[in-house]
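These notes are about the structure you will find just below.
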Amino acid sequence: MHEADRIAISLVGVCFLSVSMAGCGGSVSNSTPPVTMTASVGASSLVVPQDGTPATLPVTVNGATGTVTITVSGLPGGVTEQYSAGSSSSAYNITFTGRATLPAGSYPAVVQVSAGSQTATANFTLVSAVVAKVGSSTDTTMGVNGALKQFMSTSFQVAEWDGNYFGGSNATALESTLNALGPQHIRLQVVSQGVAMSTNTGTASDWDFTIMDQTVQPVLTSADHSPEFQIATAPAWMCFSNGQLDVANHVNDFATYAANLVRYYNKGGFDWGGVHFQSASNHPITWWGIFNEPNGNGITPQQYVTIYNTVVPAMLAVDPTIKFSALEFSDYGLGTGDGGDPMIWLPVLFAPPGSGGLNAQVDIVSTHFYSSCNQSDTDDALMNTVPVFAENVSYFYQALQTNVKTNANLANVPVWVTENNVNADYQGANGMSTCNPNQVFVDDHRGTSAFFAAWRPYVFSQLGKVGNQALYHWSYDADQQYGEVDSNGNTYLSYWVDQALATIYPSTPQSPGPNILELGATDTSTVETLATQNADGSVTIMVDNHAVASPGDNNGSGAPRTVIVDLSSLGTFTSASELSINAQSSATSAPVAVSVAPAARMTVQMTGYGVTWLLLKP
């Protein structure tokens, strides 16, 4: 408990008049009743910056007789007070000075006034405010040599349960909603009956592109017309009974299958069993992912090298212009030695070709991040995974740079996160959790609630700062755990979060993203801040509140935060606006920016989980 300081000030006493009067039948005594002392404060809450900038609370005391003593109770450590007299005999000031050791948040406090036997109190809330001071220089230690070159995208799982999303009468509206999201290189993960080749009899019935093209064709006409097609798994006839690819006996068959996919979409098709198979679209597919999460699908690192080094040359022989995503890793447990540890996989993949490493063309290395596989995990646990994502991406770059001298295929290869969401669990047999078989599966609505409005921008910022160059949502049309829209195309809050990130931070090969400005914040544990500057001199400040209200919260509301953005190093701006997404935001319509007055220090107040962008124009 904070030891209260106090002020004692002597006041001129108030005289009381007592009068005796005689009258018929007796006497009358008349006296002035004692004055009741009152105390009031100038504001119900006082914002105290963590950077030591003082904040003054006016106190007014009326009706005091004698010496006035003022104390404050209820304050935590990390704040100091100074007392002084004001401009009149009833006015006083308490000046508070905070520091970063005072945790951000709100603290109910009481001003206690005494004078002789008189007492009075007044309540107020002290708000410890995070301060983010923005510098005028690019921080070249962040991003890609100081640039935020991370684009946003989304994903479709192409299978019988999802293959006809665009098949209804509202297909045009569904494509329009997808386009408005602003995704680049939309990811297509083809599994189950979506796989176009089912058997190997040499007859035309071996191939059927119906389910696959119900999604692929509309996506080819959408956004940038350049999806990333992930050849997620092999046709069933190439696999063991458990669905895992028989690498020893069928890797060349898998390469032939992949080459025919390239022919189908890029080179006028192919003939099989006397029938010609050819994509209806004029848009080719440039980006191809080789296998999905091999570490979770029975493939060893050495087997993956064999698959990649066999499949990629076969596809390039058909179309030498195409590009490849390697690994598509189920990433967890950095340094633990378990099945999701990239420290087990990357040294094998990135070894010199002569020592068993990848010797085929690598254009990107991809990985996947989820914060949980258990709906009962707390908000706090999920938020704490985000910096770990950034550590893993940093390790990917470290491994690439370490091996580039001995493996030229790795030169200038970026990292993409091609799957990302809150919870990776899904319903298994009899309604049970797949990740936790003894637990009934429950949709984790944190994928579409206000929690997501804090979580995804936090992920975006942390990954962008360590040089990640693409962040993909998993998946586009799904339930409240996973989706950006539902099966009818109705938007969730997650859609607007991702659209805002794609719109505010555009990054293309022709127009790389904005520069990341130097920034120092007094609190990085509950608030994420990101400052960027565009080529036209405009500046964007992201303030993300991921503060958890209670350690046991699960899809809670978050704790309030006040953040002061210090822009004094950047000069003046002619206009500013503020765009927020939080629990009060609509899930069915886009958030709207509101004009605010630009200033050297601008305050952002957040009632719980959410994100706010300050958009400043010179």
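Please work out if GLN480 is within 30 Å of PHE441 (Cα to Cα), open to solvent by 60 Å² or more (accessible area, probe 1.4 Å) and out of contact with any Lys or Arg (no Cβ under 7 Å at 6 or more places or on another chain). It is true that GLN480 is within 30 Å of PHE441 (Cα to Cα), open to solvent by 60 Å² or more (accessible area, probe 1.4 Å) and out of contact with any Lys or Arg (no Cβ under 7 Å at 6 or more places or on another chain). Only a single criterion out of (1) farther than 17 Å from ASP208 by Cα; (2) among the aromatic types (Phe, Trp, Tyr); (3) open to solvent by 40 Å² or more (accessible area, probe 1.4 Å) is not satisfied by TYR304, namely (3).
When only residues in segment 376-390 that are in a helix (DSSP H, G or I) and among the acidic types (Asp, Glu) count, which is least open to solvent (accessible area, probe 1.4 Å)?
First, the residues of segment 376-390 that are in a helix (DSSP H, G or I): 379-383, 386-390.
If we keep only those that are among the acidic types (Asp, Glu) as well, we get 379-380.
Numbers: ASP379: 0, ASP380: 64 Å².
This residue is ASP379.
Answer yes or no: is there a residue in segment 225-246 that is within 38 Å of the chain's Cα centre (by Cα), more than 24 Å from PRO301 (Cα to Cα) and without any contact (Cβ under 8 Å) to a residue 60 or more places away in the chain. Checking segment 225-246: at least one residue is within 38 Å of the chain's Cα centre (by Cα), more than 24 Å from PRO301 (Cα to Cα) and without any contact (Cβ under 8 Å) to a residue 60 or more places away in the chain.
Find the strands (runs of 3 or more DSSP E) located wholly in segment 262-356 whose residues include 2 or more that are among the aliphatic types (A, V, I, L, M), and list them.
Values: elements: 270-272, 275-277, 287-290, 323-330.
In segment 262-356, 323-330 are the strands (runs of 3 or more DSSP E) which contain 2 or more residues that are among the aliphatic types (A, V, I, L, M).
In segment 494-501 there is at least one residue matching the filter, namely being touching a His at 6+ places or on another chain (Cβ under 6 Å), open to solvent by less than 10 Å² (accessible area, probe 1.4 Å) and not in a strand (DSSP E or B).
Determine whether segment 545-568 contains at least one residue that is open to solvent by less than 40 Å² (accessible area, probe 1.4 Å), over 30 Å from ASP444 (Cα atoms) and part of a loop (DSSP other than H, G, I, E, B). Looking for residues that are open to solvent by less than 40 Å² (accessible area, probe 1.4 Å), over 30 Å from ASP444 (Cα atoms) and part of a loop (DSSP other than H, G, I, E, B), one finds at least one in segment 545-568, hence yes. Among the residues of segment 52-74, those identified as closer than 17 Å to SER84 by Cα and either open to solvent by 30 Å² or more (accessible area, probe 1.4 Å) or without any contact (Cβ under 8 Å) to a residue 24 or more places away in the chain (or both) are PRO54, THR56, PRO58, THR60, ASN62, THR67.
Selection of segment 393-419 for residues being open to solvent by 50 Å² or more (accessible area, probe 1.4 Å), outside any helix (DSSP H, G or I) and under 10 Å from PHE350 (Cα atoms) yields only THR406.
Taking segment 569-594 as the search range and keeping residues that are open to solvent by less than 40 Å² (accessible area, probe 1.4 Å) and free of Cβ contacts under 8 Å to residues at least 60 places away in the same chain, which one is farthest from the chain's Cα centre (by Cα)? Ranking the qualifying residues of segment 569-594, first place goes to PHE573. Evaluating ALA85 against the criteria (1) among the hydrophobic types (A, V, I, L, M, F, W, C); (2) under 37 Å from the mean Cα position of the chain (by Cα); (3) open to solvent by 50 Å² or more (accessible area, probe 1.4 Å) leaves one unmet condition, (2).
The values are calculated or read from the model by the stated rules, or taken from the named source; none is laboratory data. If you're wondering where the values come from, they're calculated on a predicted model, not measured in any experiment. Cβ atoms come from the backbone with ideal geometry, glycine included; neighbour counts cover every protein chain shown. For accessibility, only protein heavy atoms count, side chains too; no ligands or nucleic acids. Shrake-Rupley method; radii C 1.70, N 1.55, O 1.52, S 1.80 Å.
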